[in-house]
Amino acid sequence: MLKNIKFLLLLLISCATYSWANVPPPPVNQNIGIPDSIFNNLEKLNCAYCHKSDTLTQAERNEIGWTFVAPTVKDGILADRHHAKVDTIMKEGTQAPFGTAGEPYKCLSCHKLQWNEASSTNELSDNFKDCLNCHRQVEGKASVHHLTQQARKLNCKYCHGDRIDNPNDGHYIPTRPVSPFTPRTSRGKGPNGEGACTYCHNQGVDAITGVMVQVNSKNHHAIGIGQWGVSALQCVVCHAPHGLGDQAIRTCENCHGVNSIHSIQADSDGDGIIIIGQEKPFYGHIGGKNSADCKGCHVGSMQNSLEIPGKGYIVPQLANLSKFKIPAGSTTTITVSGQALINKIVTQEGIKTYKSIVTLTNNNDNTVRELIPSFISVSSLKVTIPSDLDAGNYYLRAKKGEKESNPMSLVITPNIFINSVDINNNIFTIKGNGFSKYIDAIDSGTKITLSEAICEIQSWTDKKIVTTCDKKCGLLKINGIFGSTSKDIACNGDSDYDKGFARGKSDACSWKNWAIPSAYIDNDTYIKAYDVGWESCDRSNPPTNNSDYDLGFTKGKADACDWKTWAIEDYYQGNTTYIKGYDEGWESCDRSNPPVNDNYNLGYTQGKEDSCNWKTWAIPDNYLDDNSYIKGYDEGWESCR
């Protein structure tokens, strides 16, 4: 049975629909990358809920017991994202179970082989099917997400973006004495608790999920803060050793600084734009009209949103990509969904508009490419991923001014193709690209077949494979970790494959019907070869002889260009070659400009006359089946009245 996971609160982000919890709070809607929840008590299926949600059965969903809409986290690219690390250098803090920092990733840095006595083959251990075997949590104390190398380095912004600050990075924290307007951490002095974080960020029942939201202390401690020997986030990150009284807000500002906290705002009314100071209250820190948001923190303050520090650039937030995986060498436009991708502010000089650009960070060498969207709104943008990116893992972020969003994972997968095949007896030397690595395990997904028979691997690198095959010709196919590719190996003319290929190509190039000779009806090798041979013929240019196809093409073109009705003569009703030719002949005629002085012209004249005389739309009986006349009548009719 899965362990009980306590969910604090949830903000569902998509490009079109938002579900809000309690307005006014508490509890408040929060989202800084993933649903604001406790994630330190996970089991295998819990991970799949967000990372492989489409693979779960209903029974598994029922076992998990979660009802929130799963965020889009590395959707459909988990395997590719891990495989793209092969041959890159493992960094400090690597979670590869069999790897060492400073060495390159190999297949067996993560995978483990086990011998199957029954089949006398290697198999992959299922250790890689459980995320928690590599990505460790400290149960009940620290979440898997906050034990990464970046989290241990206190680089909170790496995942959360500029909605948060990194402790001890030198960001601005006020040093002046507290005033009546300085926010307190709790127990605000306003009549309803205004003037403290807990005025909004407090426990209560979420109106959307029905979940009991816990207090901030439980939420923060659950990620590992204050868990000695577990996390780099020790007690003093939030608490002064001897207490600060009303100055306690200054330790909160170690992570939630003045500038970052005044850069958080949502499109509260769904009008497609965020205007600082003109949004509904309780949907951010700077949007509420009549200074309602300001007073929630600074009780009694008369300050308005135009006077706040760090005003202008609202931190964008990303939620989804239309594509998470793109093949190398292709120029691809994707849609990025999120929130606050564009915002406006009213200034003394007028309304200013701030728009996001897109950054792509190569996870291997940390180089950054900036891209300009071709379209942008508050909740989505379109950007073109260039074709010259190296294969590998990337983080895509939105950047507005100096404010960056949370990252979304994008994988550029290598192209896999065969350049050449050299054959020496039964030894095949294959050269190409994107083969990656091979694991000698029956279920590894990496193999080579020739005419569907498995070949024996002698050596395998990203660009060269040497293999021994029992057969000498047919379809050579490589299955790699990033996909498959194939090449036809010609035979000497005496194999079933070669016979099928030759017959299929001959029939196709002769514009005959697809047909397998009766002697080969049950011969899968022949049929497969026939298909490949058929597809190898270029049928885009019809023959010029008097074949059935040519007769059909000529007749179809003539009927179309004469503005006649599409019709196959009775004699050719079952002749697919003739019908195909007729279709393509029909389509070859330009019917955009109707002819004059024919039935179309007669129809046009009559239609215009009837229309202009305010008569009823009517086709004469002798033209009821004449499409050319009817088309002319219609267009003549439309030209008047």
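The values are calculated or read from the model by the stated rules, or taken from the named source; none is laboratory data. These numbers come from a predicted model, not from an experiment. So basically every Cβ, Gly included, is an ideal-geometry build from the backbone, and we count neighbours across all protein chains shown. Quick note on the areas: whole protein, heavy atoms, side chains included, nothing else; ligands and nucleic acids left out. Shrake-Rupley method; radii C 1.70, N 1.55, O 1.52, S 1.80 Å.
Structural remarks
- Residue within the range 196-218 that is of a type in the set (D, E, K, R), closer than 30 Å to residue 65 by Cα and under 32 Å from the mean Cα position of the chain (by Cα) present: yes
- The range 419-475, subset hydrophobic (A, V, I, L, M, F, W, C) and within 20 Å of residue 528 (Cα to Cα), residue modelled with the lowest pLDDT: 473
- Scanning the range 425-453 for residues that are hydrophobic (A, V, I, L, M, F, W, C) and either assigned to a loop (DSSP other than H, G, I, E, B) or in contact with a strand residue (DSSP E or B) (Cβ under 6 Å, 6 or more places away or on another chain) (or both) yields 427, 428, 430, 435, 439, 441, 442, 448, 450.
- Sub-8 Å Cβ pairs linking a first residue in the range 599-614 that is over 10 Å from residue 634 (Cα atoms) to a second residue that is surrounded by fewer than 19 Cβ atoms within 10 Å (Cβ to Cβ) and of a type in the set (A, V, I, L, M), at least 6 apart or interchain, are 610/618, ordered by first then second residue.
- Flag: residue 281 matches the condition of being surrounded by fewer than 21 Cβ atoms within 10 Å (Cβ to Cβ), under 16 Å from residue 262 (Cα atoms) and modelled with pLDDT of 80 or more.
- If you go through the range 191-208 and keep only what is in a loop (DSSP other than H, G, I, E, B), in contact with a helix residue (DSSP H, G or I) (Cβ under 8 Å, 6 or more places away or on another chain) and surrounded by 15 or more Cβ atoms within 10 Å (Cβ to Cβ), you end up with 193, 194, 195, 200, 201, 202.
- Of the helices (runs of 4 or more DSSP H) lying entirely inside the range 33-103, the ones with 2 or more residues being surrounded by fewer than 15 Cβ atoms within 10 Å (Cβ to Cβ) are found at 58-64.
- Any hit, the range 588-611, residues being open to solvent by 80 Å² or more (accessible area, probe 1.4 Å) and among the aromatic types (Phe, Trp, Tyr): no
- Per-region count, the range 386-420, residues free of Cβ contacts under 8 Å to residues at least 60 places away in the same chain and not acidic (Asp, Glu): 6
- Those strands (runs of 3 or more DSSP E) of the range 319-386 in which at least 1 residues are open to solvent by 20 Å² or more (accessible area, probe 1.4 Å), at pLDDT 95 or above and acidic (Asp, Glu), considering only elements entirely within it, cover 368-371.
- Just so you know, in the range 519-536 the residues that are assigned to a helix (DSSP H, G or I), surrounded by fewer than 19 Cβ atoms within 10 Å (Cβ to Cβ) and of a type outside the set (Phe, Trp, Tyr) include one that is modelled with the lowest pLDDT, and it is 524.
- Filter result for residue 585 (modelled with pLDDT of 80 or more, in contact with a Pro (Cβ under 9 Å, 6 or more places away or on another chain) and surrounded by 12 or more Cβ atoms within 10 Å (Cβ to Cβ)): yes
- Each residue in the range 264-286 was checked for being farther than 20 Å from residue 27 by Cα and in a loop (DSSP other than H, G, I, E, B), and 7 of them qualify.
- Screening 222, 207 for residues that are at pLDDT 80 or above and farther than 26 Å from residue 174 by Cβ leaves exactly one candidate, 222.
- Yes/no for residue 260 being crowded, with 16+ Cβ neighbours inside 10 Å and assigned to a loop (DSSP other than H, G, I, E, B): no
The rows are residues; the columns are (1) over 30 Å from residue 108 (Cβ atoms); (2) open to solvent by 70 Å² or more (accessible area, probe 1.4 Å); (3) not acidic (Asp, Glu).
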{"position": "447", "(1), (2), (3)": "no, yes, yes"}
{"position": "450", "(1), (2), (3)": "no, no, yes"}
{"position": "460", "(1), (2), (3)": "no, no, yes"}
{"position": "476", "(1), (2), (3)": "no, no, yes"}
{"position": "484", "(1), (2), (3)": "no, no, yes"}
{"position": "487", "(1), (2), (3)": "no, yes, yes"}
{"position": "504", "(1), (2), (3)": "yes, no, yes"}
{"position": "513", "(1), (2), (3)": "yes, yes, yes"}
{"position": "517", "(1), (2), (3)": "yes, no, yes"}
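- Qualifying residue in the range 389-402 (condition: surrounded by fewer than 16 Cβ atoms within 10 Å (Cβ to Cβ), in a strand (DSSP E or B) and either in contact with a Cys (Cβ under 8 Å, 6 or more places away or on another chain) or among the aliphatic types (A, V, I, L, M) (or both)): no
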